[in-house]
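What follows is one structure encoded as structure tokens, with my remarks underneath.
The values are calculated or read from the model by the stated rules, or taken from the named source; none is laboratory data. Since the model is a prediction, treat every value here as computed from it, not as a measurement. Positions of Cβ are generated from backbone atoms using ideal geometry, with glycine treated the same way; all protein chains shown enter the neighbour counts.
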Amino acid sequence: MSNDQGKTQEVTRNVWKEKIPLFIAITTLVLAACATLASFKAAGYGNKMVLAQNQASDQWAFYQAKSMKETSYELAKDSMVLTLDKASNTSVVSEKIAKYNEEIARYRNEKNEIANQAKILENERDVARNFNLLFGRSLIFLQIGILLSSLATVNKNYIYWYIGAATGLIGVAIFLYALTL
């Protein structure tokens with residue numbers, strides 16, 4: 001290797017050593033910005049998940065109330081059927097049985113609508129949970145990247161920056177993937 005090539009390489013190394021703290025700072029800044037966004041997205045989806053779960057629970061409680069009312073009409077209808085043979089005015093009892101059958105059918109339809117709504121809300125909860133997990137995973141990798149980049153700045157061992165940048169890049173990739181879904 002000629003003397004000029006050696007000097008050129010030495011100058012390149014010195015320029016790199018002078019600029020690497022700037023690159024570490026930029027890397028840390030970008031990772032911190034992405035971590036902030038990932039944190040907000042994870043929290044938002046966490047809130048959506050809890051809200052959808054609460055609404056689904058409310059729907060299932062409503063379903064249960066309708067089921068109890070349906071059961072009470074079934075019991076009343078069964079009681080009327082038993083008294084039909086002994087009744088002197090069978091038309092009144094038959095009308096009551098028909099009315100109870102209408103109410104039972106109404107409650108069954110309402111229960112089906114409520115169950116469908118509850119299942120929709122449970123699906124919303126599951127979708128929000130998946131996004132929450134993705135943004136949470138992204139946040140973990142981003143925070144590790146920030147930590148390692150900061151460590152590289154403190155102890156001037158730049159291998160930590162390389163590992164931190166790679167780890168942070170994984171976090172950014174997961175973050176961008178979650179955003180595109």
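Miscellaneous remarks
- For region 47-87, residues that are acidic (Asp, Glu) and exposed (fewer than 14 other Cβ atoms within 10 Å of the Cβ) total 2.
- Selected residue (only one of Ile104, Ile97 is in contact with a Leu (Cβ under 8 Å, 6 or more places away or on another chain), more than 25 Å from Ile163 (Cβ to Cβ) and assigned to a helix (DSSP H, G or I)): Ile97
- Filter result (within 13 Å of Lys48 (Cβ to Cβ) and among the β-branched types (Val, Ile, Thr)) within region 86-135: Val127
- When Glu113 is tested against (1) farther than 30 Å from Trp16 by Cβ; (2) surrounded by 18 or more Cβ atoms within 10 Å (Cβ to Cβ); (3) not aromatic (Phe, Trp, Tyr), just one condition goes unmet, and that condition is (2).
- Among the residues of this structure, Leu169 does not count as one that is modelled with pLDDT of 95 or more, touching a helix residue (DSSP H, G or I) at 6+ places or on another chain (Cβ under 6 Å), part of a helix (DSSP H, G or I) and surrounded by 14 or more Cβ atoms within 10 Å (Cβ to Cβ).
- Check on Arg129, in contact with a Gly (Cβ under 9 Å, 6 or more places away or on another chain), of a type in the set (Lys, Arg), under 30 Å from Gly171 (Cβ atoms) and modelled with pLDDT of 95 or more: yes
- Region 6-28, subset charged (D, E, K, R) and loosely packed, with under 11 Cβ neighbours inside 10 Å, residue farthest from Ile146 (Cα to Cα): Lys7
- Pairs meeting the criteria (first residue in region 149-163 and of a type outside the set (S, T, N, Q), second residue in a loop (DSSP other than H, G, I, E, B), beta carbons under 7 Å, at least 6 apart or on different chains) are Ala152/Tyr158.
- Out of Val127, Val92, sole residue that is closer than 30 Å to Val30 by Cα and part of a helix (DSSP H, G or I): Val127
- Cross-chain or 6+ apart pairs with Cβ under 7 Å, region 85-111 first and more than 14 Å from Met68 (Cα to Cα) and at pLDDT 85 or above, then among the β-branched types (Val, Ile, Thr) and not in a helix (DSSP H, G or I): none
- Per-region count, region 120-130, residues in contact (Cβ under 8 Å) with a residue 24 or more places away in the chain and more than 16 Å from Ala43 (Cβ to Cβ): 3
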